[in-house]
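S.K.: Provided herewith is a single structure, encoded as structure tokens, for subsequent inquiry.
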Amino acid sequence: MLHKILHSIDKKFTFNVSKAHCDIPCKIYDPIEIQVAVLTIIRTTDLLVELNGKEIKTPNDNAQFSRLVAQKEEHGIKVKESVRVIWGDYFKAPQLEKFPETHDLVHKIMLTTSKAKQNIDKDVSLELLSLVNRFAEIFWDTKGVNIYKAKCPYPPALEVVYPDLKES
Amino acid sequence: MFKLGIDKIVGGSMSPTIKDGSFVIFFSSKKMKITPNKVYRLSHPQFGSIIKRLSFEDADGNFWFKGDSHDSTSLKKIGAITKQQINGRIWLTIDIKSCITFL
């Protein structure tokens, strides 16, 4: 009753909103944003290699080169940030006991992301995809969700771990 | 000057003490005591108006806050808060079921 009255007053006069702020919307964790960021790194790496192979580069090519490098950098930061949030906020004792490799895996993701940011190296970015796919596998297992592997339906068309939400 | 106000709460970082969608009544005055474990309303440069529980006061006189939920923004991320940024102490909450809780 009291809440309803306050709600009605709020609709008319609007109370100040105070945020009880979380790092991310509470309990919403999904490694897909990490996987998409890594696919973007791979795609930009491919485009950078292609552009680098051109003998004569136009000003447009140079501008595109800078833009791709910036995108690769930005998505590398996204990978690190999103992995840190899932690892730091979602993973707790039960998940870590079931998958003791998690700390080591996360550390490897951090180092490999740095390498992928620093270099135009397809092999490194592919290694990063394999690491984040493993991270996604572990994550979905701890949620009791089955997974399947499929090629992403866009370039670079590589195998990604997806949650099989129909089966779970 | 004594001030009393009502805020609407958005977010779950103070859950289960203050649930998302609750209303809170806060007060402030020049002589308001700032005591650990009590819940305060802060003006944060990054997050705006937020409510958090006071964890401790450091040796430099800065205050460190955190949420009640595990998902809350960490104490470190909120950072050191000065006395001037604390603009109210939460007195009571009214959740969506109209349940009143004094803090």
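S.K.: What percent do you get for the relative contact order of the stretch B:1-85 when only Cα pairs under 8 Å and 6+ apart count? Write out the running numbers ahead of the final one.
M.R.: Values: 149 pairs, mean separation 20.5, N = 85.
Relative contact order here is 24 percent.
S.K.: When the C-alpha atoms of the protein assembly as shown are aligned to their principal axes, what extent does each axis show, in angstrom, from largest down?
M.R.: The principal-axis extents, from largest down, are 73, 49, 43 Å.
S.K.: A further question on this structure: Using only the C-alpha atoms of the stretch A:25-71, find the volume of their convex hull and express it per residue in Å³.
M.R.: Cα convex hull per residue, to the nearest whole number: 59 Å³.
S.K.: Can you tell me the orientation of helix A:32-52 relative to chain A, as the angle in degrees between its alpha-carbon axis and the longest Cα principal axis, to the nearest 10?
M.R.: It is inclined by approximately 20 degrees.
S.K.: Suppose a student asked you for the relative contact order of chain A, using Cα pairs under 8 Å spaced at least 6 residues apart; what percent would you report?
M.R.: It rounds to 23 percent for chain A.
S.K.: Follow-up. May I ask for the angle, rounded to the nearest 10°, between helix A:2-13 and the longest principal axis of chain A, with both axes built from Cα atoms and the value confined to 0 to 90°?
M.R.: The answer is roughly 60 degrees.
S.K.: Treating the angle as unsigned and between 0 and 90°, give the value, to the nearest 10°, between the Cα long axis of helix A:102-118 and the longest Cα principal axis of chain A.
M.R.: Between helix and principal axis, roughly 50 degrees.
S.K.: What GluC sites (Glu not before Pro) in the stretch A:1-86 are in a loop by DSSP, with at most 15 other Cβ atoms within 10 Å of the Cβ? Write down the numbers at each step before the final one.
M.R.: Numbers: sites: A:Glu33, A:Glu50, A:Glu55, A:Glu73, A:Glu74, A:Glu81; in loops: A:Glu55.
In loop regions of the stretch A:1-86 (DSSP not H, G, I, E or B), the sparsely surrounded GluC sites (Glu not before Pro) are A:Glu55.
S.K.: For a 20 Å ceiling on Cα separation, which of these pairs sit above it: B:Lys52/B:Lys83; A:Lys19/B:Lys19; B:Lys31/B:Lys77; A:Lys98/A:Lys166? Write down the numbers at each step before the final one.
M.R.: Details: B:Lys52/B:Lys83 14 Å; A:Lys19/B:Lys19 11 Å; B:Lys31/B:Lys77 28 Å; A:Lys98/A:Lys166 24 Å.
Listed pairs above 20 Å: B:Lys31/B:Lys77; A:Lys98/A:Lys166.
S.K.: Could you sort B:10-17, A:88-95 so that the peptide with the highest average Cβ count within 10 Å comes first and the rest follow in order? List each step's numbers first, then the result.
M.R.: Working: B:10-17: 20.4, A:88-95: 13.5.
In descending order of packing, they fall as B:10-17, A:88-95.
S.K.: A:Lys122: which lysines have alpha carbons under 27 Å from its alpha carbon, excluding same-chain residues fewer than 8 sequence positions away?
M.R.: Output for A:Lys122: A:Lys54, A:Lys57, A:Lys72, A:Lys78, A:Lys80, A:Lys108, A:Lys149, A:Lys151.
S.K.: So how far apart, in nm, are the two label points at A:Ser66 and A:Asn119 if each is 7 Å from Cα heading toward Cβ?
M.R.: Placing both labels 7 Å along Cα→Cβ, they lie 2.6 nm apart.
S.K.: In chain B, if the dipole is taken from +1 on Lys/Arg beta carbons and -1 on Asp/Glu beta carbons about the Cα centre, which of B:Trp64, B:Pro36, B:Ile6 is farthest to the positive end?
M.R.: It is B:Ile6.
S.K.: Right, next: First obtain the Kirkwood hydrodynamic radius of chain B from its Cα pairs, then insert it into the Stokes-Einstein equation at 10 °C and 1.306 mPa s, and state the resulting D in µm² per second as a whole number. Write down the numbers at each step before the final one.
M.R.: On the way: Rh = 13.7 Å.
The diffusion coefficient I find is 116 µm²/s.
S.K.: Taking the simple approach of a point 7 Å from Cα along Cα-to-Cβ for both A:Asp30 and A:Lys57, what is their distance in nm?
M.R.: Label at A:Asp30, label at A:Lys57, 3.7 nm between them.
S.K.: Can I ask one more? Hey, if you put +1 on the Cβ of every Lys and Arg and -1 on every Asp and Glu Cβ in the protein assembly as shown, which of A:Val85, A:Val38, B:Pro45 ends up farthest toward the positive end of that dipole?
M.R.: Farthest along the dipole direction, towards plus: B:Pro45.
S.K.: In addition: Pick from B:Gly88, B:Gly67, B:Gly48: which is most flexible by mean-square fluctuation in a GNM of chain B where alpha carbon atoms under 10 Å apart are linked?
M.R.: Between B:Gly88, B:Gly67, B:Gly48, it is B:Gly48 that shows the largest mean-square fluctuation.
Quick note: the coordinates plus some simple rules give every number you see, no bench work behind them. Keep in mind that this is a model prediction, so the values were computed, not measured. A quick note on method: Cβ atoms are made from the backbone with ideal geometry, for glycine too, and the neighbour counts reach across all protein chains shown.
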